[in-house]
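Chemist: Structure in structure tokens, see below.
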Amino acid sequence: MPELCLLARVRMIRGLASYPPNLTNLRLFEVAKFKKYLLPPAIIFGAIVVVILLAVNRPKPPEREPTVTAMLVEVMEAKTSEGHFSIEAQGIVRPKTQTTVSAEVSGRLVALSDQFVAGGFFKAGDVLARIDPSDYEAALLQAQAELASAEATLADEQARSTQAKRDWERIHGTDRQPNDLVLRKPQLARAQASVDAARAATLRAQRNLDRTQIRLPYDGLVRTKNVDLGQYVNAGMALGVTFAIDEAEVRLPLSAQDRAFLTLPRAGEVGAEGPVVTLAADVDGQTNQWTGQVVRTEGVIDENTRLSYAVVSITDPYQKMNDASSDAAILPMGTFVECVIEGRSAAGLIQLPRSALRGGDTVFIANSNDELEIRQVNVVRATTDEVYVADGISAGDRVITTGITAPIPGSKIRVRGMESLSSQEAVAENEETAS
């Protein structure tokens, strides 16, 4: 303790010895204190003042009138349809009459027509094949001989019956009538039956002889041939397949929606005059068209597909009934055809391309002020290519066919015809404007 007190006294004396204090050290202390506590707020305040002065004294930008960018679109004039609905369907051409040619008698094939080949045409009554007729000619001669013998027996019995009647009248006079045994009526009936049987046998032998020649009652084409010359055939054996070329048919599947726009014959009305059908197909690398007509409906709805079938008739598909110099294209059997059926009248409806319909029941209209209007319409029928609408649109309205990404009613639009700007260019410009 004494040493501490002494040390404190020494320090106090030294302090008194240095009085008055050093002014240089005091100033340095005050400068350091200013830099630490007052300089940062002063800098911040000064910066704020400078920013305010710059904002107040900045020059005003030049004023420009706002410009409204109008979308470039294509339009088409809505027109009232004057035609008919068209229903599209597909089918395969098949012959109306097709025959499996079979032998009716047995024998060896001794002759075949040059036309009795796959793809050969023939006329009605032409002999396509001939079976050896010798046995059937002999059977016919035998039947004719038996017929002649039976006729001779009948003539003899008739003479005997006539003579018996004369003898009766000479003996008994005319007061009494002879019975059947006296007049030999049983013997006469037996002879008549023999003649009838012999005549039937003769007809059968003649028919069998005729059947050795294979004929058909129509002009046709041979589809397949199953036999060849010298082959032995039995009765009922298939010789080939042929079909008539005067008429072909196409079965067209139709849905309930399709039938609603068609006037079809009722079930059971065979040969009725139905709607006209235009058929198109590629034959030998060329697209050709033919005209047919619906002649009947099958009257049955398929349980699996819920479709019914209408039958279209095409006359002279191979162009054999017309002038041989005709350049009309043939329609081979088995051809897959695209068909367009003429439906009911579409008069009074507005016909538009399918691309003009938006959202199923909406169209875009360019009004007289070149502003966008969005209208709802009543769609009567829509296909992949066209649409028929009613209500909400009138003939003469300008229908927009260009795609609009963000349609806003009342937006300004620029109308340009299709002849000066394509749809792709208009869409690209509209997207650029929107971006």
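Chemist: What spacing in nm lies between the two simple spin-label points modelled at Asp114 and Thr291, each 7 Å away from Cα in the Cβ direction?
Modeler: With each label placed 7 Å out from Cα toward Cβ, I get 3.7 nm.
Chemist: What is the gain in length, in nm to one decimal, between Arg207 and Ala395 on full extension, counting 0.36 nm per residue of separation less the C-alpha to C-alpha distance?
Modeler: Result: 60.3 nm gained on full extension.
Chemist: Turning to a different aspect of this structure: Using only Cα atoms, locate the centre of region 128-155 and the centre of region 357-419, then give the distance between them in Å, rounded to an integer.
Modeler: Each part's Cα centre sits 86 Å from the other's.
Chemist: I would also like to ask the following. Separation between the Thr362 and Ser411 pseudo-spin-labels, each 7 Å from Cα along Cα→Cβ, expressed in nm?
Modeler: The two pseudo-label positions are separated by 1.1 nm.
Chemist: Let me know the charge dipole size of region 98-241 about its Cα centre in debye, to the nearest 20, where only the beta-carbon of Lys, Arg (+1) and Asp, Glu (-1) is charged. Walk me through the numbers on the way to the answer.
Modeler: On the way: 18 positive and 18 negative charges, 57 e Å.
So the magnitude is around 280 debye.
Chemist: Rounded to the nearest 20 debye, what is the charge dipole size of region 211-340 about its Cα centre when +1 sits on each Lys and Arg Cβ and -1 on each Asp and Glu Cβ? Kindly include the intermediate steps, with their values, before the conclusion.
Modeler: Numbers: 10 positive and 17 negative charges, 100 e Å.
In total the dipole reaches around 480 debye.
Chemist: What is the distance, in nm, between label points placed 7 Å from the Cα along the Cα-to-Cβ direction at Glu104 and at Glu269?
Modeler: 3.8 nm
Chemist: Asp282 to Leu54: extension gain in nm, 0.36 nm per residue of separation minus the Cα-Cα distance?
Modeler: Length gained, Asp282 through Leu54: 73.9 nm.
Chemist: Another question, then. State the Cα centre-to-centre distance between region 213-227 and region 235-265 in whole Å.
Modeler: Answer, in whole Å: 21.
No lab work stands behind these numbers, since they all come straight from the coordinates. A quick note: this is a predicted structure, and the numbers were derived from the prediction, not measured. We place every Cβ from the backbone using ideal geometry, glycine too, and count neighbours over all the protein chains shown.
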